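Undergrad: Have a look at the structure that comes next, please.
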Ligand SMILES: [Zn+2]
């Protein structure tokens, strides 16, 4: 059985929190569209992530597969290390940064 991975929730909260923070700081008048995030089991599909330049550093580190560039990935946590597992090509790569 799969354990439910709370890291997605944490990541999402961080993305949304940072986006809200960044939008206020950068331009109070800039309209930020609502993130369209679809949850399918353990997979997260960030439908309109290209509209979020601020999110791209997160996406690049935590969502996009470095091998095939697919956003169709999930995260795994093994002994406090985060791994990005690609559903498209099966690549598994370690996640850099302050992944909590
Ligand atoms: Zn891949």
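Undergrad: List the strands (runs of 3 or more DSSP E) that sit entirely inside the range 55-100 and contain at least 2 residues that are modelled with pLDDT of 85 or more, near the ligand (Cβ under 10 Å from one of its atoms) and surrounded by 15 or more Cβ atoms within 10 Å (Cβ to Cβ).
TA: Passing ranges, in order: 81-86.
Undergrad: Testing residue 39 on (1) surrounded by 13 or more Cβ atoms within 10 Å (Cβ to Cβ); (2) modelled with pLDDT under 70; (3) out of contact with any strand residue (DSSP E or B) (no Cβ under 6 Å at 6 or more places or on another chain); (4) not in a loop (DSSP other than H, G, I, E, B), one condition comes back false. Which one is that?
TA: So the condition that residue 39 fails would be (1).
Undergrad: Tell me which of these residue 45 doesn't satisfy, since it passes every other one: (1) surrounded by fewer than 17 Cβ atoms within 10 Å (Cβ to Cβ); (2) modelled with pLDDT under 90; (3) in a loop (DSSP other than H, G, I, E, B).
TA: Only one criterion in (1) surrounded by fewer than 17 Cβ atoms within 10 Å (Cβ to Cβ); (2) modelled with pLDDT under 90; (3) in a loop (DSSP other than H, G, I, E, B) is unmet by residue 45, namely (3).
The values are calculated or read from the model by the stated rules, or taken from the named source; none is laboratory data. On a predicted model such as this, the values are computed, not experimentally measured, just so you know. Note that each Cβ is placed from the backbone with ideal geometry, even for glycine, and that neighbours are counted across all protein chains shown.
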